[in-house]
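Working notes, beginning with the structure itself.
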């Protein structure tokens, strides 16, 4: 009986005494996992178009309505309160001005930018209006335009 136990033990030792070269080789490498989450907003706006008005209409201030455009639509992936700013436009000179296409005259205007509420997680809208102040001297009959850049900071 002792011999069979001894033979069994020798067999087990032989089984576990496999030479080191019998296993596959190993190499290791480190891997980093990271992500950079940035705030992002998409923004769109409709142009403000006062349409066609008689020169006499401009003897009083004229402010755009929602039907005339100026609808700002934005969606942000940020919980910050966004802020809206406008450039001075292409024809600035002590104020915003639209330039006449044919005669090159100028017609002053101002933009009324809304204060934007904190972002809610859904698409939001705000109305931008433009005002042409009363003109002491009526402008020349022409098509007037300007271009401004709106910047949404978030």
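Taken together, the values in this text are just the output of simple stated rules run on the coordinates, not laboratory data. Being a predicted model, the structure only gives us computed values, none of them experimental. Glycine gets a Cβ as well: all are built from the backbone with ideal geometry, and neighbour counts include every protein chain shown.
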Taking 62-68, 46-52 and ranking on average Cβ neighbours within 10 Å, highest first, one gets 62-68, 46-52
Heads up, the stretch 11-154 by the C-alpha gyration tensor (a ≥ b ≥ c square roots of eigenvalues; a/c under 1.5 rounded, else a/b over b/c prolate, else oblate) looks prolate
Length gained, residue 147-residue 40, 0.36 nm per residue minus C-alpha separation, equals 36.1 nm
Using the Cα gyration tensor of the stretch 51-116, the equivalent ellipsoid's semi-axes, largest first and to the nearest Å, work out to 29, 16, 11
Taking every alpha carbon pair in the stretch 70-154 and sorting the distances into 5 angstrom bins from 0 up to the bin holding the longest one, the percent per bin comes out as 3, 13, 21, 19, 14, 11, 9, 6, 4, 1
For the residue 120, residue 47 Cβ pair and Förster radius 25 Å, calculated FRET efficiency rounded to 0.05 is 0.45
